[in-house]
Amino acid sequence: MALIKQLQTAMQIALKCSENDRVRTLRTLIAKLKDKSIEKGGPLNDEEEIKILQTASKQRKEAAEMFTKGNRIELAEAELNELSIIKEYLPEELSTEDLKEIIDTIINETGAESIKDIGKVMSKVMKISSGKSDGSVVQSLVKKRLSD
């Protein structure tokens with residue numbers, strides 16, 4: 001619940017500074033968090049809050065890509081602006097090198113030898129890197145490592 005308070009405080013500051021884009025983005029995030037809390041029937045834990053922000057981040061990223069492909073640069077920029085605001089409240093992502101180390105450790109622990117073992121490796125890597133990495137990046141790294 002601390003994240004909602006942090007977002008509300010940031011929104012109040014943005015309102016005073018007339019930062020309309022930031023206000024709109026923060027309002028959307030607060031609404032998503034409150035909706036999920038109501039749906040759950042209680043307060044969200046940190047992991048659930050981060051998951052919601054990650055989903056919002058992924059949506060903005062995909063929308064920006066689609067707008068860019070559709071030659072709608074002004075809309076793509078708006079989505080990227082919202083994405084940068086959302087990323088301020090997400091934990092710092094793991095570097096590629098850190099992810100590779102985690103993947104190698106999991107592969108050694110599970111004895112994974114081929115691409116058929118991707119499920120075992122992915123589930124454990126995502127548990128460790130939860131909230132700190134993009135699943136598609138992890139998947140591509142695991143596939144590359146298991147294909148070698």
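The values are calculated or read from the model by the stated rules, or taken from the named source; none is laboratory data. Not measured: the values here are computed from a predicted model. Glycine gets a Cβ as well: all are built from the backbone with ideal geometry, and neighbour counts include every protein chain shown. Side chains included, ligands, DNA and RNA excluded: accessible areas come from the protein's heavy atoms. Shrake-Rupley method; radii C 1.70, N 1.55, O 1.52, S 1.80 Å.
Against the conditions (1) at pLDDT below 95; (2) touching a Lys or Arg at 6+ places or on another chain (Cβ under 9 Å), Glu47 satisfies every one except (2).
Within the range 4-23, the set of residues being touching a residue at least 12 places away in the same chain (Cβ under 8 Å) and buried (at least 16 other Cβ atoms within 10 Å of the Cβ) comprises Ile4, Leu7, Ala10, Met11, Ala14, Arg22, Val23.
Counting the residues of the range 74-95 that are open to solvent by 80 Å² or more (accessible area, probe 1.4 Å) and assigned to a helix (DSSP H, G or I) gives 4.
Looking across the range 136-146, just one residue is open to solvent by 30 Å² or more (accessible area, probe 1.4 Å) and at pLDDT below 80, and that is Ser136.
Could you tell me how many of the residues in the range 67-89 are within 22 Å of Ser133 (Cα to Cα) and either in contact with a Phe, Trp or Tyr (Cβ under 6 Å, 6 or more places away or on another chain) or not β-branched (Val, Ile, Thr) (or both)? Step through it out loud before you land on a result.
Residues of the range 67-89 that are within 22 Å of Ser133 (Cα to Cα), as a first pass: 79-89.
Applying the additional criterion that residues be either in contact with a Phe, Trp or Tyr (Cβ under 6 Å, 6 or more places away or on another chain) or not β-branched (Val, Ile, Thr) (or both) yields 79-84, 87-89.
Number satisfying all stated conditions: 9.
Regarding Ile30, is this residue open to solvent by less than 40 Å² (accessible area, probe 1.4 Å) and farther than 27 Å from Val138 by Cβ? Reasoning before the result, please.
Numbers: open to solvent by less than 40 Å² (accessible area, probe 1.4 Å): yes; farther than 27 Å from Val138 by Cβ: yes.
It is true that Ile30 is open to solvent by less than 40 Å² (accessible area, probe 1.4 Å) and farther than 27 Å from Val138 by Cβ.
Restricting attention to the range 31-48, the residues being without any contact (Cβ under 8 Å) to a residue 40 or more places away in the chain and either under 19 Å from Leu80 (Cα atoms) or among the charged types (D, E, K, R) (or both) number 7. Restricting attention to the range 44-58, the residues that are under 17 Å from Glu93 (Cβ atoms) and open to solvent by 50 Å² or more (accessible area, probe 1.4 Å) add up to 6.
Restricting the search to the range 97-139, which residues are part of a loop (DSSP other than H, G, I, E, B) and among the charged types (D, E, K, R)? Quick ask: steps written out before the conclusion?
Residues of the range 97-139 that are part of a loop (DSSP other than H, G, I, E, B), as a first pass: 111-114, 129-134.
Result: Glu113, Lys132, Asp134.
Of everything in the range 96-133 that is of a type in the set (D, E, K, R) and touching a Lys or Arg at 6+ places or on another chain (Cβ under 8 Å), the residue that is most open to solvent (accessible area, probe 1.4 Å) is Glu109.
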